[in-house]
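To start, the structure under review is shown below, and the notes come after it.
Every read-out reported here was derived from the displayed coordinates using simple, explicitly stated rules and does not represent laboratory data. Everything numeric here is computed off the predicted structure, so don't read it as measured data. Virtual Cβ from ideal backbone geometry, glycine too; neighbours counted across all protein chains shown.
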């Protein structure tokens, strides 16, 4: 890829991560799941989720009365061959569980956890899609 093409592809990868994060925080799971490849694998400290259906089960299992926000920063994209990229970034997770349905704004404390993600994305006819996600806890309240 040329320099300009690499830059455009890097921005597209970053936007895919940002859209996915916004969708999941807003509870729009179907839109967020569409940014995963059908056979995506998510390596988590508590196990491995294989396939979009397993990832969907994780998101749909979140409490309905939880307000969750992620702040994503320090995104870096490195290309690993034609149409393949690895996006590395940090994500701070804020979570508040309310009594009953949440009414915004809700009370907030500091971030409960900071993760470092390594997402592998492939270029598809529908855009960049996450095929593999690795998440490592870097900092956690009470750890």
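Scan [x] 43, 17, 12; [y] 35, 16, 13; [z] 27, 16, 15 for the value of semi-axes √(5λ) of the Cα gyration tensor in Å calculated from this model and give just the label.
[z]
Along the Cα→Cβ direction, 7 angstrom out, place labels at residue 50 and residue 101. What is the inter-label distance in nm?
It works out to 4.0 nm between the two label points.
The range 22-38 to the range 93-143: how many Å between their Cα centroids?
Each part's Cα centre sits 12 Å from the other's.
Which percent, to the nearest 5, of DSSP beta bridges fully inside the range 3-140 are antiparallel?
Close to 90 percent.
Give me the distance in nm between label points sitting 7 Å out from Cα along the Cα-to-Cβ direction at residue 26 and residue 39, one decimal.
3.1 nm
How big is Rg to Rh over the range 43-92, alpha-carbon atoms, Rh as the Kirkwood inverse-mean-distance radius?
1.05
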